[in-house]
Amino acid sequence: MNVFVISVLFVLAFGTALFFAALKRKMISALNTHDLIVIALMSSLLYAAGLPFKFGLGRLPFIHAFIYSVPFTAVLFIGIRVVPKAGAATLIIVGHSLLSQLLSRGINPLWWPYPFLAGFVLESYFLITRSYLQTRLNAVCAGCLRGLVMYLYFYLVSAPFIWHMHYAPWYVFIQTAQGVAGSGIGALIGFALSKPILQAYRHGGI
């Protein structure tokens, strides 16, 4: 209980500090209606990307973290590349989380720190690097960072508190390593697929 409460306070403090840092560096720009439509679409596509995992692939032993991370990161990074603005990553991830809860187990606020932390980690990385996945290296580093932080938070904080399930250190290490690898590969795929999408986007094709 104490670990979870501390993590919630940390996420709130992290988000507040990130907001003021972005404001100070003048990296915050308003999201227009078209941006919000793209963000909503990408949140829905993130849910669709996870359906194969939910309908069977998630039952594969030991490799489910890798299988889930690849399409999730690819779709997420396509969305960020299309809307390279502060707040877009957080809105896509949080929107996906809320949609998933609505369509499956119902709204549970206990899960909310998880998507917010995922968004804040990426936003802070973009703030530090001043690059919204503009190079392959930037994309891979962002993907691996997302995988590392989120799988550690899930297995060490969320799952033990919400599901009352505690995992052995070796299992956490294996799943986190797979999550990092899968997120890195997904970042490369998302970076590659985003190029024709961006060309169409810039020429008014979408």
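Quick notes
- Check on Gln178, of a type outside the set (Phe, Trp, Tyr) and in a helix (DSSP H, G or I): yes
- Some residue of the range 117-132 being part of a loop (DSSP other than H, G, I, E, B), under 19 Å from Val38 (Cα atoms) and touching a residue at least 40 places away in the same chain (Cβ under 8 Å): yes
- Just one of the numbered conditions (1) under 14 Å from the mean Cα position of the chain (by Cα); (2) surrounded by fewer than 17 Cβ atoms within 10 Å (Cβ to Cβ); (3) closer than 19 Å to Ser158 by Cβ is not true of Leu12: (1).
- Test: residue in the range 105-114 that is in contact with a His (Cβ under 6 Å, 6 or more places away or on another chain), under 27 Å from Tyr171 (Cβ atoms) and in a helix (DSSP H, G or I): no
- Qualifying residue in the range 159-170 (condition: buried (at least 19 other Cβ atoms within 10 Å of the Cβ) and in contact with a helix residue (DSSP H, G or I) (Cβ under 7 Å, 6 or more places away or on another chain)): no
- Within the range 133-147, tally of residues that are surrounded by fewer than 17 Cβ atoms within 10 Å (Cβ to Cβ) and aliphatic (A, V, I, L, M): 1
- Here Ser183 fulfils each of the conditions (1) free of Cβ contacts under 8 Å to residues at least 12 places away in the same chain; (2) within 28 Å of Val8 (Cα to Cα); (3) not charged (D, E, K, R) apart from (1).
- Candidates Ser124, Ser194, Ser183: the one that is among the polar types (S, T, N, Q), closer than 21 Å to Arg81 by Cβ and touching a Cys at 6+ places or on another chain (Cβ under 8 Å) is Ser183.
For (1) under 18 Å from Gly147 (Cβ atoms); (2) modelled with pLDDT under 90, each residue gets a yes or a no:
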{"position": "Ser43", "(1), (2)": "no, no"}
{"position": "Gly56", "(1), (2)": "no, yes"}
{"position": "His64", "(1), (2)": "yes, yes"}
{"position": "Phe72", "(1), (2)": "yes, no"}
{"position": "Ala88", "(1), (2)": "no, no"}
{"position": "Leu91", "(1), (2)": "no, no"}
{"position": "Leu99", "(1), (2)": "no, no"}
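- Yes/no for Ala49 being crowded, with 17+ Cβ neighbours inside 10 Å, in contact (Cβ under 8 Å) with a residue 24 or more places away in the chain and touching a Pro at 6+ places or on another chain (Cβ under 6 Å): yes
The values are calculated or read from the model by the stated rules, or taken from the named source; none is laboratory data. On a predicted model such as this, the values are computed, not experimentally measured, just so you know. Please note: Cβ atoms are built from the backbone with ideal geometry, for glycine as well, and neighbour counts cover all protein chains shown.
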